[in-house]
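The values are calculated or read from the model by the stated rules, or taken from the named source; none is laboratory data. Just so it is clear, the structure is predicted and the values come from calculations on it, not from any experiment. Note that each Cβ is placed from the backbone with ideal geometry, even for glycine, and that neighbours are counted across all protein chains shown. Surface accessibility is based on the protein's heavy atoms, side chains included, excluding ligands, DNA and RNA. Shrake-Rupley method; radii C 1.70, N 1.55, O 1.52, S 1.80 Å.
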Amino acid sequence: MGRTAPGKGYLTEADELVFLLEEVPRKLRKLFDASTVEFGLSRTQWRALGYIYRTPGLTQTELAKNLEMERASVGHVIDQLEKAAFVERRSAEGNRRIWALHLLPKAIEILPSLRTAADRIYERVLTGISEEQADIVKDMLAIMSSNLED
């Protein structure tokens, strides 16, 4: 895998693979950013709504871990979602210093439309890829991820 690709100078086949691995998420982020604008959301806000939907009562700290962001940055995201009436903070049971996050009806109403937008993007990215090929890619990415664990 480390061989130099023909006609590519110093780039190896591994370089080309890793460049593709980086290019796909970049393009996906761009598509998601464009699709969430119509809802008045950023991609990060959309992801936050998804995590809160999946786990009602999620804390800001837990959300920060899921989004791989600092707590303060997630606090700003939640402030924006709260201001837009998508989310509310409630005191966590037994600890008034911890805030549990919950979706408001406005967020629940747009989730099906967000799901449709995401599915259109997924359909686009997966066009021409068989289920068998997708399984092979998932297996390969799982191995790569495992190889990079600390």
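If I go through segment 113-122 residue by residue, how many of them are closer than 15 Å to ARG29 by Cα and not aromatic (Phe, Trp, Tyr)?
Number of matching residues: 6.
If I filter segment 94-124 down to residues being out of contact with any Ser or Thr (no Cβ under 8 Å at 6 or more places or on another chain) and surrounded by 13 or more Cβ atoms within 10 Å (Cβ to Cβ), which single residue comes out as farthest from GLY40 (Cα to Cα)?
HIS102
For ASP139, only one of the following conditions fails: (1) open to solvent by 70 Å² or more (accessible area, probe 1.4 Å); (2) within 24 Å of PHE32 (Cβ to Cβ); (3) at pLDDT 95 or above. What is its number?
Among (1) open to solvent by 70 Å² or more (accessible area, probe 1.4 Å); (2) within 24 Å of PHE32 (Cβ to Cβ); (3) at pLDDT 95 or above, the lone unmet condition for ASP139 is (2).
How about segment 39-81: which of its residues are among the polar types (S, T, N, Q) and within 15 Å of the chain's Cα centre (by Cα)?
SER42, THR44, GLN45, ASN66
Hey, among the residues in segment 43-67 that are among the basic types (Lys, Arg) and buried (at least 17 other Cβ atoms within 10 Å of the Cβ), which one's nearest to PRO105 (Cα to Cα)?
ARG47
Let me spell it out: the conditions are (1) closer than 24 Å to VAL37 by Cα; (2) surrounded by fewer than 17 Cβ atoms within 10 Å (Cβ to Cβ), and SER130 meets all of them except one. Which number is the exception?
Condition not satisfied by SER130: (1).
Condition (residue is open to solvent by 50 Å² or more (accessible area, probe 1.4 Å), within 19 Å of LEU111 (Cα to Cα) and among the polar types (S, T, N, Q)) applied to segment 77-86: is it met by at least one residue?
Scanning segment 77-86 turns up at least one residue that is open to solvent by 50 Å² or more (accessible area, probe 1.4 Å), within 19 Å of LEU111 (Cα to Cα) and among the polar types (S, T, N, Q).
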